[in-house]
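Student: Quick one: this structure, given as structure tokens, is what I'll be asking you about.
The values are calculated or read from the model by the stated rules, or taken from the named source; none is laboratory data. It should be emphasised that the depicted structure is a prediction, and the values quoted were computed from it without experimental measurement. Backbone-built Cβ (ideal geometry, glycine too); neighbour counts: all protein chains shown. All accessible areas refer to the heavy atoms of the entire protein, side chains included, with ligands and DNA or RNA removed. Shrake-Rupley method; radii C 1.70, N 1.55, O 1.52, S 1.80 Å.
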Amino acid sequence: MKFFIDTANLAQIKEAQALGVLDGVTTNPSLMAKEGITGKDNILKHYVAICNIVDGDVSAEVIATDFDGMVREGEALADLHPQIVVKLPMIADGIKACKYFTDKGIRVNMTLVFSAGQALLAAKAGATYVSPFIGRLDDISTDGLNLITEIRLIYDNYGYETEILAASVRHTMHIIDCAKLGADVMTGPLSAIMGLLKHPLTDIGLAQFLADYKKGN
Ligand code: G3P
């Protein structure tokens, strides 16, 4: 399972990269705004800064909602760095743009996916990644993890190569459940990734080992 971090915070991206388990980064306009990154030029520079920290894929989202605008923005984003994956919204023009970019060899992450039908369309349009938002489904009393199960089944039925990128991951158990269900990638906050480390028996055991070592040395 690939681990992406879902943030535009450079310090957190560096921390995850230093841990040695980071495969990529996802961002969105809200995450950029949260870090105070505004204005087209600053946003583009920030994507390059992220690419220079990590080795893997960096999803960069278009703002346009029409085909021509998405193509214009997406081409500019893809030109920034070879690690950039163009992130497009799951609307009709987004699917058209996905097909356009895929035919040109530019990788796409289809975002804001909330149903199996949307995920099927993304795969047919050749998306490299499809991003079902599991946390936001949970927020409205709908089982987000069930969507991962449905998409896995459909993609396996037909051998679609689009990778299921579980997004809107909010906590550590989401990561474990997505791994059990066969998501190819998860993107979540640093806190959810670090939560995988935690076990009280590890801490107790380590303290005991060190105490016993000290007794004999
Ligand atoms: O990866 C999608 C993500 O940025 C949305 O997460 O927590 O705002 O639903 P959230």
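Student: Consider just the alpha-carbon atoms of the stretch 147-217 and return their Rg together with their Dmax, both in angstrom.
Tutor: Gyration radius and largest Cα-Cα distance of the stretch 147-217: 18.8, 62 Å.
Student: 7 Å from Cα along Cα→Cβ at both Lys124 and Asp103: what's the point-to-point distance in nm?
Tutor: About 1.6 nm, to one decimal.
Student: Using a Cα-Cα cut-off of under 20 Å, which lysines could be cross-linked to Lys96, ignoring same-chain neighbours fewer than 8 residues away?
Tutor: Filter leaves Lys87, Lys104, Lys124.
Student: Separate question: GNM, the chain, Cα, under 10 Å: largest mean-square fluctuation among His199, His174, His46?
Tutor: Taking springs between Cα atoms under 10 Å, the residue moving most is His199.
Student: If the reach is capped at under 17 angstrom between alpha carbons, list the aspartates and glutamates near Lys99, excluding any in the same chain fewer than eight residues apart.
Tutor: Straight-line reach from Lys99, under 17 Å: Glu61, Asp66, Asp68, Glu73, Glu75, Glu161, Glu163.
Student: At 1.4 Å probe size, put Phe133, Phe209 in order of accessible surface, largest to smallest.
Tutor: Values: Phe133 15, Phe209 150 Å².
From most exposed to least exposed: Phe209, Phe133.
Student: Tell me the carbon and sulfur percent of the accessible area for the chain, rounded to whole percent, probe radius 1.4 Å. Provide the component values of the computation, followed by the final result.
Tutor: Details: 6130 of 10810 Å².
Carbon and sulfur atoms account for 57 percent of the accessible area of the chain.
Student: Follow-up. If you place +1 on the Cβ of every Lys and Arg, -1 on the Cβ of every Asp and Glu, and leave all else neutral, what size is the dipole of the stretch 55-185 about its Cα centre, to the nearest 20 Debye? Could the numbers behind the result be given before it?
Tutor: Working: 11 positive and 19 negative charges, 30 e Å.
Dipole magnitude for the stretch 55-185 comes out near 140 debye.
Student: Further, regarding this structure: In whole angstrom, and with the biggest value first, how far do the Cα coordinates of the chain range along each principal axis?
Tutor: That gives 72, 41, 30 Å along the principal axes, largest extent first.
Student: Taking the Cα-to-Cβ direction at Glu35 and at Asp203 and moving 7 Å from each Cα, how far apart do the two end points lie in nm?
Tutor: 3.0 nm
Student: Okay, next question. Measure out, as a whole number of angstrom, how far apart the alpha-carbon centroids of the stretch 7-46 and the stretch 128-171 sit.
Tutor: 23 Å
Student: Per-residue accessible area for Asp184 at 1.4 Å probe radius, Å² rounded to 10?
Tutor: 50 Å²
Student: Oh, and also: Sort the stretch 59-140 into rounded, prolate or oblate with this rule: let a ≥ b ≥ c be the square roots of the eigenvalues of the Cα gyration tensor; rounded if a/c is under 1.5, and if a/c is not under 1.5, prolate when a/b is larger than b/c, oblate otherwise. Before the final figure, lay out each step's value.
Tutor: Values: a/c = 1.79, a/b = 1.61, b/c = 1.11.
Prolate shape, in that a/c is at least 1.5 and a/b is the bigger ratio.
Student: So with the 1.4 Å probe, I'd like the accessible area per residue for the chain, rounded to whole Å².
Tutor: 50 Å²
Student: Given the options Leu196, Leu121, Leu137, which has the most mean-square fluctuation in a GNM of the chain, springs set between C-alpha atoms less than 10 angstrom apart?
Tutor: Judging by the Gaussian network model, the answer is Leu196.
Student: Shape verdict for the stretch 103-189, please, from the Cα gyration tensor: rounded (a/c under 1.5), prolate (a/b greater than b/c) or oblate. Before the final figure, lay out the partial values.
Tutor: Details: a/c = 1.72, a/b = 1.59, b/c = 1.08.
Prolate, because a/c is 1.5 or more and a/b exceeds b/c.
Student: Another question, if that's okay. Name the residue from Leu145, Thr202, Ser131 whose Cα lies farthest towards the positive end of the charge dipole of the stretch 91-217, charges +1 on Cβ of Lys and Arg and -1 on Cβ of Asp and Glu.
Tutor: Thr202
Student: Taking the radius of gyration and the Kirkwood hydrodynamic radius from Cα positions alone, what is the Rg/Rh ratio for the stretch 1-107, to two decimal places? Each step should come with its number before you reach the end.
Tutor: Details: Rg = 13.5 Å, Rh = 14.0 Å.
Computed over Cα atoms, the ratio is 0.97.
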